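So the structure is just underneath, and the comments pick up after that.
The values are calculated or read from the model by the stated rules, or taken from the named source; none is laboratory data. Since the structure is predicted, the reported quantities are computational estimates derived from the model, not experimental observations. Using ideal geometry, Cβ is built from the backbone for each residue, glycine included, and neighbour counts are taken over all protein chains shown. Heavy atoms of the whole protein, side chains included, go into the accessibility calculation; ligands, DNA and RNA do not. Shrake-Rupley method; radii C 1.70, N 1.55, O 1.52, S 1.80 Å.
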Amino acid sequence: MQENNYLVHVHDVVKNFQGPAGIINVLRSVNLGVRPGEFVGVRGPSGSGKSTLINMITGIDRPTSGAVRVAGEPIEKMSENQLARFRGKNIGVIFQFFQLLPTLTVLENVILPMDFCRMWKTKERPERAMNLLDQVGLADQAHKLPNTLSGGQQQRAAIARALANDPPLLMADEPTGNLDSKTADKVFTLFEELIGQGKTFIMVTHDVELAKRIPRVIEVYDGVLYENGNMIQ
């Protein structure tokens, strides 16, 4: 499969950290290709390198060596400003603890990425944000502050915010980890609906039952990626 057939292409990525006892190898020459429209789960024990892998793809952190391409663009070669703009337009990130700004209403939180990336006309942004909140079932909560919402409602608001600029790629690090099982199931169903709309989704999860519903699951052990029991070369 050629690199340009992938929306996400991680090639020979190494990530090392300097620890008190010397260099720690967190990712060991890992490779991963994700095609447009795929739903990929990432699992593994704590400290295995899952979050580091996600940080490589989102550009939150940079590889020690190797290459990361998203939509054909070299993430590791971008400046911080270039990366912030690129991420804002191309990658929607969904966090376990929501990361909604507490002093802004739910609607304002969803509008914020559009303002930052200057996407859509200024007068169109509130209407688009309301449409996204309606899509996740939160239109009636639009003018409330995040701390007045339940955990499930805050996560759905965070999903609407991640969709603000219509990014092709959605990344989620334990997005249901702070939710009860019933609410987690509803949020996961929303993820499946987004896949049906053509989004590409990479999701870190510890939830064994939810992982069974993900079409493709990558396992991370000691900084190495496996799929169906085989190391990804």
Max mean-square fluctuation residue, GNM over the chain, Cα-Cα springs under 10 Å, options V70, V208, V136: V208
Candidates H11, H143, H206, ranked by Gaussian network fluctuation over the chain, Cα under 10 Å, top entry: H143
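How big is the equivalent ellipsoid of the stretch 19-126 along its three axes, where each semi-axis is √(5λ) from the Cα gyration tensor, reported in whole Å from largest to smallest?
For the stretch 19-126, the ellipsoid semi-axes come out as 30, 17, 15 Å.
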Among L145, F191, I111 the positive-end extreme of the charge dipole of the chain (Cβ point charges): I111
Estimated FRET transfer efficiency when R0 is 41 angstrom, pair S150-R28 (beta carbons, to 0.05): 0.50
Centroid-to-centroid separation of the stretch 183-233 and the stretch 46-79 [C-alpha atoms, Å]: 18
Most mobile listed residue (G198, G37, G22) in the chain, GNM with C-alpha springs under 10 Å: G22
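For the chain, what mean projected area does the convex hull of the alpha carbons give, in nm²?
Working: hull surface 53.2 nm².
For the Cα atoms of the chain, the hull's average projected area reads 13.3 nm².
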Estimated vicinal HN-Hα couplings, Hz - the stretch 180-193 in sequence order (Karplus 6.51, -1.76, 1.60; Gly, Pro = x): 6, 4, 5, 5, 4, 5, 5, 5, 5, 4, 4, 4, 4, 5
Environment charge of Q233, counting only residues whose C-beta is closer than 12 Å and scoring Lys/Arg +1, Asp/Glu -1: -2
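For the stretch 146-233, report the convex hull volume of the alpha-carbon atoms normalised per residue, in Å³, without decimals. Don't jump to the answer; show the numbers that get you there.
Details: hull volume 10.7 nm³, N = 88.
About 122 Å³ per residue, rounded to a whole number.
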Spatial separation of Cα centroids for the stretch 110-168 and the stretch 10-39, in angstrom: 32
Kirkwood hydrodynamic radius of the stretch 79-217, Cα pairs, Å: 15.2
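Quick check: at a probe of 1.4 Å, how many percent of the accessible area of the stretch 58-187 sits on carbon and sulfur atoms? Could the numbers behind the result be given before it?
Values: 3170 of 6290 Å².
Here carbon and sulfur together make up 50 percent of the probe-accessible area.
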Mean accessible surface per residue for the chain, computed with a 1.4 Å probe while every protein chain stays in place, in Å²: 49
Amide hydrogen neighbours beyond the local backbone of L170, cut-off 5 Å, H modeled: G92, T200, F201, I202
Using θ = phi - 60° and Karplus 6.51 cos²θ - 1.76 cosθ + 1.60, couplings along the stretch 9-16 (whole Hz; Gly, Pro as x): 9, 9, 10, 6, 7, 10, 10, 10
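Quick one: which of K186/K212; K89/K144; K77/K199; K15/K77; K121/K144; K50/K182 span more than 19 angstrom between C-alpha atoms?
Values: K186/K212 15 Å; K89/K144 26 Å; K77/K199 25 Å; K15/K77 15 Å; K121/K144 24 Å; K50/K182 25 Å.
In this structure, K89/K144; K77/K199; K121/K144; K50/K182 exceed 19 Å between Cα atoms.
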Of G49, G92, Q155, farthest towards positive along the dipole that unit charges on Lys, Arg, Asp, Glu beta carbons give the chain: G92
Per-residue ³J(HN,Hα) for the stretch 151-165, Karplus 6.51 cos²θ - 1.76 cosθ + 1.60, θ = phi - 60°, Hz, x for Gly and Pro: x, x, 5, 5, 5, 5, 5, 5, 5, 4, 5, 5, 8, 3, 9
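Suppose we flag trypsin sites (Lys or Arg not before Pro) only when DSSP calls them loop and at most 13 other Cβ atoms lie within 10 Å. Which is the longest uninterrupted stretch of the chain? Could you put the intermediate results ahead of the total?
Working: sites that count: R118, K121, K212.
Counting only loop sites that pass the neighbour cut-off, the longest clear stretch is 1-117.
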Quotient of Cα Rg and 2.2 N^0.38 Å for the stretch 1-81, N being how many residues it contains: 1.12
